[in-house]
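A short worksheet on the structure shown next.
The values are calculated or read from the model by the stated rules, or taken from the named source; none is laboratory data. Since we're looking at a predicted model, the values are computed, not measured. Here the Cβ positions follow ideal geometry from the backbone for every residue, glycine too, while neighbour counts run over all protein chains shown. Ligands, DNA and RNA are excluded from the accessible area calculation, which covers all protein heavy atoms including side chains. Shrake-Rupley method; radii C 1.70, N 1.55, O 1.52, S 1.80 Å.
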Amino acid sequence: MSIKTFSRGGVHPPDNKLSAGNKIVELPPPELATIPLSQHLGAPAKVLVNRGDQVKVGQLIAQSEGFVSTNIHSSVSGKVLKVDQFMDSSGYRRMAVQIQVEGDQWMETIDRSDDLVRNSVLPAEDIRKKILEAGIVGLGGATFPSHIKLMVPQGKTAEYVIINGVECEPYLTADHALMMERSEELLSGIQLLMIGLGVEKAIIGIENNKPDAIEKMKEITRGSSVSVQGMKVMYPQGGEKQLVQALLKREVPSGGLPIDVGVVVFNVGTAHAVYEAVMKNRPLINRIVTVTGKGLDKPSNFMVRIGTPVSSLIEKAGGLPEATAKVINGGPMMGKALSTIDVPVVKGSSGILLMDESEARRKDVKPCIRCTKCVSVCPMGLEPYLLMTLSEKSFFERMEPEKVMDCIECGSCSYTCPSSRPLLDYIRLGKAEVGKIMRARKAV
Amino acid sequence: MSQIIIYTIITLVAIGAAAAIILYFVAQKFKVYEDPRIDEVEEALPAANCGGCGFPGCHNFAETLVKTESWDDLFCPVGGNDTMSKVAGILGREAIEQAPKVAVVRCNGTPEFRPRVTTYDGAPTCAIAHSLYAGEGICPHGCLGLGDCVVVCNFDAIHMDPDTDLPVVIDDKCTACGACVEACPRDIIELRKKNKKDRKIFVSCINEEKGAVAKKNCSVACIGCAKCFKVCKYDAITMENNKAFIDSEKCVLCRKCVLECPTSAILELNFPPPRKKEPVVEASETEIK
Amino acid sequence: MNKFIVSPSPHAYTDESVPKLMYGVIISLLPALAVSVYFFGIGMIIVSSVSVASCILFEYLIQRYMMKVKPTHLDGSALLTGLLLAFCLPANIPFWIVMIGALAAVGIGKMTFGGLGNNIFNPALVGRVFLFISFPVAMTAWPEPGQWMHYTDAVTGATPLGLMKEGLANRTVGEIMPEVPSFLNLLLGKTMGSAGEVSALALLLGMLYMMYRKIISWHIPITILATVAIFTGILWLANPDRFADPLFHLLTGGLMLGAIYMATDYVTSPMTPKGMIIYGVGIGVVTVLIRVFGAYPEGVQFAILIFNGFTPLINKYVKPKRFGKEVKHG
């Protein structure tokens, strides 16, 4: 087994991949779909439909507004009930389109067959255009619009495409299931990305806790210019910068992007969505969501339409256990805790994780004993104990030279702290404040 | 023996003298002239260094007071008019009078009025909770109850009431320095004109949701119905973003609006109890129960 | 409807906790404790139990009645301080002196600064140095090993380092060495010295256990030992008559105890690997300087306290290697 991993820091939380090996189950459209207009990093999309309009599956219902933004398509067919503010996962109200589902009528342009289409002859320009139109964002969780990644800035060249099949978050198995069941489509998607970027080499990074996926992908990619690399299990290997460093020994500069070292990174889910968009004309209207948790009857991997309520997913996985104390959208390390399960699945939802009180509750905060564990696990070489103290005391201007903006918010420091100190909570606050200071300085 | 003592004394005196001379010249060379009046003014200031005037400390404020022509924006909220007139006396100028102010918490979302639907388990500061989500109560504008305003208060003038989960300002101690206003991530606290006997009338809600949503989130929310706006004869009430605001400069404390408000979102504090009617706040409480 | 808990990520936490870490260190001290009880018998039992009990008691009293906070006397840190303090006292020292030492360790060394996590100096060493200066005679009368049932009435003698220091005034190393216990005895602990520092082997075992449990990293202990070995090695090669060999220096005195347990104290040691190495080299050099050229036969406790003082400075200037180099954006 390979021992490739990133060089600095990292933790190894228990895997808990309860739903590993479970087949992807395709769920029917919900009765009521709520599709938020901001499911990506950047500006919300501009809504194109009105109350009472009839829409079809795959119809554009909101157009990207500005450079960092994406299109939003209807994931169901039916009548638009409301274009209004709905509660999002953090309890704040955001604009969304609510659709009463009637039947399952798709746009005629979409190829709904399961036939595999390979060997694209489309030029790079068309591939990029189709990705832009399909509203594809990074499906690993950060939801960065993918078409922007395909535009290599002037003066820089892309050498490698790296496909992130690491899935280093505990519990989550969506990417694993995808690699096992849609490997051919995935490969095709990777090849499309390579054409789109004009690169010759692609590497798929997969952690060693998924030996079947490594084998499967190796078998499928044999003879192509795509290689598969098994990697030592270590969190946060799925962070772009860590992944690039682990696979290529190239360090993305501070404040830079992987393209600065000639690499573009995509999640496996994104690559699959690219295949669907380019070869099948199908915009991003569904995704694989892991629904899991120790108290859950049937931890599952669902193929879900965007806009389906989280509560109905939990219902399909055996119902909400009585003892549920926390519901997390995403994995346990970087996911977001939900205040209610009456929120829709969005493009960035990679998993729904249920925890009971004992698993969810934080322990009492004790004084820092300077055990250096946070420093030694930080993958970015920062000093979380120091950053937390500076943030707590509002010394924000001193946080910038300590490189707080490099923090990738992986949570390794908070995870490892024996005194249960909320390191990342304060560092995140510091990042926001330093961001304000930097913007104010730029504005002057 | 005595020789050693003499030599020691001579050496020490010589070293001391040399050091003194060097120090004298160095001090001369690096001397910074400062207007002596700055120190005098600083003496007169409260020395709280709270930053309420907008300057990092009392010394900076004193320096600005001495050097600036126009005093329009310069005021020490802690010392108030007394201090300012004292300063004006020192500098032989005219003080600009300002009405004393007091901090007011504009949220009445107690657990009773605004049920808590989640439990917050992160670092106990409002700033972090605010950036994370809407808060334990549903209202995304309401008080988070974690007490960032209490932490920043230099004068012990604000504390959390464990029964209501809301901060309480002690009017006598509040200096209107504005630290809590800065600290509140939801801009709930406002500095309002201080009235006789600490009487206040204000809209104790800043939510901007539509009426129905606001009322669902919190039974004492301002629902933007504008009834108060219509009844006010003094143009003290303005309606904006689904909420009413009472300008403390224009309000004459007639209390008409208080009776008009259907959700009891307008609070009257420190008034004698009305003779005819039940106090409005209590009425709303019974209504909830 | 369920009332969910909401908190920022991460939502998973390690099982490690401060008490677990502290008790891990205490477990690693057990071999050394056993050796010590074997050689010093009842004296060691009295000294260590008095020391541990008083440290816990003083921590409780100070937190409860002076600081008025919730006492944390059972989190293992006071127990550890007490044990380490006992380890660096002679096993025949009267119990009331031990109690004064415990008060100095917990009261002056730890609580003055605000309790666990805030102290600048290692509390156990503060206690030891306090006693060393206050009761120099009692603190330098070392019982001979093997007197099971004797406490304050034990026959005393000099430590190997003491023998060396005194002997070198008019003799050569070669003439003194026969009086020093054999290296095997030094390794096993059959020698005179503070109660817990005698057996290098037991302490090394403890170090391996702590490294296995990842309680400490190798940086500090190994750097200190290596520095002492190299420095004394150079001196020894230069003049074997004047300077004892490196092995003698490694196995005698409080070096092992200091390097493995005192210098690695989380609170008072640097945060980064690079910083730890600087700290370790510094302690090693100062230890040898005091031992060889200073007035005291043993210097490791002073060396550690001195570098405890440097730790904030080291933390300020020695930063971990950041990920990625800086680029300028146009």
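Counting only other chains, what is the mean number of Cβ atoms within 10 angstrom of the Cβ of each residue in peptide A:357-369?
Mean partner shielding for this stretch: 5.
What FRET efficiency, computed as 1/(1 + (r/R0)^6) with R0 = 45 Å and r the Cβ-Cβ distance, is obtained for A:Ala443 and C:Met67, rounded to the nearest 0.05?
The value I calculate is 0.45.
Dipole of the protein assembly as shown, Cα-centred, from +1 at each Lys and Arg C-beta and -1 at each Asp and Glu C-beta, to the nearest 20 debye?
The calculated dipole for the protein assembly as shown is roughly 860 debye.
Which residues make up the longest stretch of chain C that has no trypsin sites (Lys or Arg not before Pro) in a DSSP loop with at most 14 other Cβ atoms within 10 Å?
Answer - C:69-170.
Quick one: pull the percent of accessible area on chain C belonging to carbon and sulfur, 1.4 Å probe, ligands and nucleic acids left out.
Result for chain C: 71 percent of the exposed heavy-atom area is carbon or sulfur.
In chain A, which longest range has no GluC sites (Glu not before Pro) that are both DSSP loop (not H, G, I, E or B) and surrounded by at most 12 other Cβ atoms within 10 Å?
Within chain A, the longest run free of exposed GluC sites (Glu not before Pro) spans A:323-444.
When we measure straight from the Cα of C:Lys165, which lysines land under 30 angstrom away, once same-chain ones fewer than 8 places off are left out?
List returned: C:Lys190.
With the crude spin-label approximation of a point 7 Å out along Cα→Cβ, what separation in nm comes out for A:Val233 versus B:Ile9?
Simple spin-label model gives 8.5 nm for this pair.
Using 1/(1 + (r/R0)^6) with R0 = 60 angstrom and r between the beta carbons of C:Ser49 and A:Ser7, what's the FRET efficiency to the nearest 0.05?
It comes out at approximately 0.80.
With unit charges on the beta carbons (Lys and Arg positive, Asp and Glu negative) and the dipole taken about the Cα centre of the protein assembly as shown, which residue among B:Val203, C:Ser182, C:Ile234 sits farthest to the positive side?
B:Val203
What trypsin sites (Lys or Arg not before Pro) does region A:1-106 have in DSSP loop regions with at most 16 other beta carbons within 10 Å?
A:Lys23, A:Arg51
With every protein chain present, what is the per residue accessible area of region B:36-91 (1.4 Å probe, Å²)?
Spelled out: the 1.4 Å probe surface of region B:36-91, per residue, equals 50 Å².
Pairs to check: B:Lys86/B:Lys173; A:Lys393/B:Lys173; A:Lys366/C:Lys214; A:Lys210/A:Lys316; A:Lys249/A:Lys442. Give those whose C-alpha atoms are more than 30 Å from each other in this structure.
A:Lys249/A:Lys442
Excluding same-chain residues fewer than 8 positions from B:Lys194, which aspartates and glutamates have a Cα within less than 16 Å of its Cα?
B:Asp82, B:Glu97, B:Asp171, B:Asp172, B:Asp247, B:Glu249, B:Glu268
Could you let me know the centre-to-centre spacing of region B:215-231 and region B:1-15, using Cα atoms, in angstrom?
Between the Cα centre of region B:215-231 and that of region B:1-15, the gap is 88 Å.
For chain B, give the magnitude of the charge dipole about the Cα centre (Cβ charges: +1 Lys/Arg, -1 Asp/Glu; no others), in debye to the nearest 20.
Computed charge dipole of chain B: roughly 980 debye.
What's the buried accessible area, both sides, between C and A using a 1.4 Å probe, rounded to 100 Å²?
4500
Over chain C, what relative contact order in percent results from Cα pairs under 8 Å that are six or more residues apart?
For chain C, the relative contact order is 17 percent.
Can you give the calculated 222 nm mean residue ellipticity of the protein assembly as shown, where each DSSP H run of n ≥ 4 adds -39,500 (n - 2.57) and the sum is split over every residue, rounded to the nearest 500 deg cm²/dmol?
-11000 deg cm²/dmol
Where a Cα-Cα gap under 20 Å defines reach, which aspartates and glutamates qualify for A:Lys431, not counting those fewer than 8 residues away within the same chain?
Candidates past the 8-residue exclusion: A:Glu240, A:Glu383, A:Glu392, A:Glu397, A:Glu400, A:Glu402, A:Asp406, A:Glu409, B:Asp148, B:Glu182, C:Glu326.
Quantify, in whole percent, the carbon and sulfur part of the accessible surface of region A:262-305 (1.4 Å probe; protein heavy atoms only).
So the carbon and sulfur contribution to the accessible surface is 40 percent.
Using a 1.4 angstrom probe on heavy atoms only, work out the carbon and sulfur share of the accessible area of region B:101-288 in %.
That fraction is 52 percent.
Of the trypsin sites (Lys or Arg not before Pro) in region A:322-415, which ones lie in a loop per DSSP and count no more than 14 other C-beta atoms within 10 Å?
Qualifying residues, ordered by number: A:Lys363, A:Lys393.
Among all lysine pairs in region A:2-95 that are eight or more places apart or on different chains, how many have alpha carbons less than 30 angstrom apart?
The number of close lysine pairs in region A:2-95 is 8.
Measuring from a point 7 Å past the Cα of A:Val25 along Cα-to-C-beta, which residues in region A:278-307 have an amide N at less than 19 Å?
Of the residues in region A:278-307, A:286-307 have backbone N under 19 Å from the label point off A:Val25.
Add +1 for every Lys or Arg and -1 for every Asp or Glu among the other residues with Cβ under 9 Å from the Cβ of B:Ile38, and state the total.
Charge balance near B:Ile38 sits at -4.
To the nearest whole number, what is the average tally of beta carbon atoms from other chains within 10 Å of the beta carbons of peptide C:15-23?
Whole-number average of other-chain Cβ neighbours for C:15-23 is 4.
How far, in nm, would the chain grow between B:Asp172 and B:Val231 when pulled straight, counting 0.36 nm per residue and subtracting the alpha carbon separation?
Difference between extended and current length: 18.1 nm.
On average, how much accessible surface per residue is there in chain C, in Å², for a 1.4 Å probe, leaving out ligands, DNA and RNA?
42
If you take the beta carbon distance between A:Glu200 and C:Ser217 as r and set R0 to 25 Å, what does 1/(1 + (r/R0)^6) give as a FRET efficiency, to the nearest 0.05?
0.05
Of A:Ile99, B:Thr11, C:Phe307, which is farthest towards the positive pole of the protein assembly as shown's charge dipole, taken about the Cα centre with +1 and -1 on the beta-carbons of Lys, Arg and Asp, Glu respectively?
Farthest towards the positive end: A:Ile99.
Taking chymotrypsin sites (Phe, Trp or Tyr not before Pro) as candidate sites, keep only those in a DSSP loop with at most 16 other Cβ atoms within 10 Å, then name the longest stretch of chain C containing none of them.
C:1-147
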